[in-house]
Structures are given as C-alpha cells and as structure tokens.
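Report on the structure given below.
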Amino acid sequence: MRFVDDLFSLYREHLADDEENAVSVVLNILEDQTREDIMKLIREMDDEEVIQMVGVYLVEMLKMKIAQEGDGTDWDSAINRPRYH
C-alpha cells in the first residue's frame, strides 16, 4: 500500500526501535485525519489490502476482548502457528 510505504520512508528511523514507536507514529497521524481522509485511503486499496486490514483489526479486537475477560489464551503464538488447509 502506497500510504504505508510513504509512512515507512518518512518515519523509518523512528520505527526501527520498537513496536511502541510504530503505534505512536500511527496514532499521531490518525489524530489529524478526518473520516473522509481515511475512507479515501481505503478506496485506494485493492481488495486484498482491505481484507487484510479488516482481518488485522478483527484479530486485535478479539485479543483485546479476550484479555478483558482474563482468558489467559496465548493469542500471539496461536496466530503465528502455521495454518493447514
């Protein structure tokens, strides 16, 4: 996605340190965007990018919900496990 490529090139040195820096950069950028700005980015994505974005969002929301419930499931290892069809 072009937007991600642009962000990475602009903030490369900040993103290399750790995940928290990436979260901070993203939150700061999103803070200045309107709903229409975000919808424009989404309209520019191809179908695979939109599905990937929604998938990541859903996984993260489920992880948060499970953490709130105190389930104790190790989602990071479950998500990174190989999938067999």
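Mind checking which residues of region 65-77 are surrounded by 10 or more Cβ atoms within 10 Å (Cβ to Cβ) and either modelled with pLDDT of 90 or more or assigned to a helix (DSSP H, G or I) (or both)? Break it down into steps so the answer makes sense when it comes.
Of all residues in region 65-77, those surrounded by 10 or more Cβ atoms within 10 Å (Cβ to Cβ) come to 65-67, 71, 73, 75.
Matches in region 65-77: LYS65, ILE66, ALA67, TRP75.
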* Structure fact -> When region 18-29 is checked residue by residue, the ones that are at pLDDT below 90, loosely packed, with under 12 Cβ neighbours inside 10 Å and assigned to a helix (DSSP H, G or I) are GLU19, GLU20, VAL23
* Here is a list of conditions, (1) open to solvent by 100 Å² or more (accessible area, probe 1.4 Å); (2) in contact with a Phe, Trp or Tyr (Cβ under 7 Å, 6 or more places away or on another chain); (3) not charged (D, E, K, R), and LEU15 meets all of them except one; can you say which number that is? -> (1)
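What's the total number of residues in region 30-58 that are open to solvent by 90 Å² or more (accessible area, probe 1.4 Å) and either part of a helix (DSSP H, G or I) or farther than 19 Å from ASP5 by Cα (or both)?
Just the residues of region 30-58 that are open to solvent by 90 Å² or more (accessible area, probe 1.4 Å), to begin with: 31-32, 35-36, 40, 43-44, 47-48, 51-52, 57-58.
Checking which are either part of a helix (DSSP H, G or I) or farther than 19 Å from ASP5 by Cα (or both) leaves us with 31, 35-36, 40, 43-44, 47-48, 51-52, 57-58.
Within region 30-58, residues that are open to solvent by 90 Å² or more (accessible area, probe 1.4 Å) and either part of a helix (DSSP H, G or I) or farther than 19 Å from ASP5 by Cα (or both) number 12.
The values are calculated or read from the model by the stated rules, or taken from the named source; none is laboratory data. Here the structure is a predicted model, which means the values were calculated and not measured. Reconstructed Cβ throughout: ideal geometry from the backbone, glycine too, with neighbour counts over all protein chains shown. Accessible surface is based on the protein model in full, side chains and every heavy atom, while ligands, DNA and RNA are left aside. Shrake-Rupley method; radii C 1.70, N 1.55, O 1.52, S 1.80 Å.
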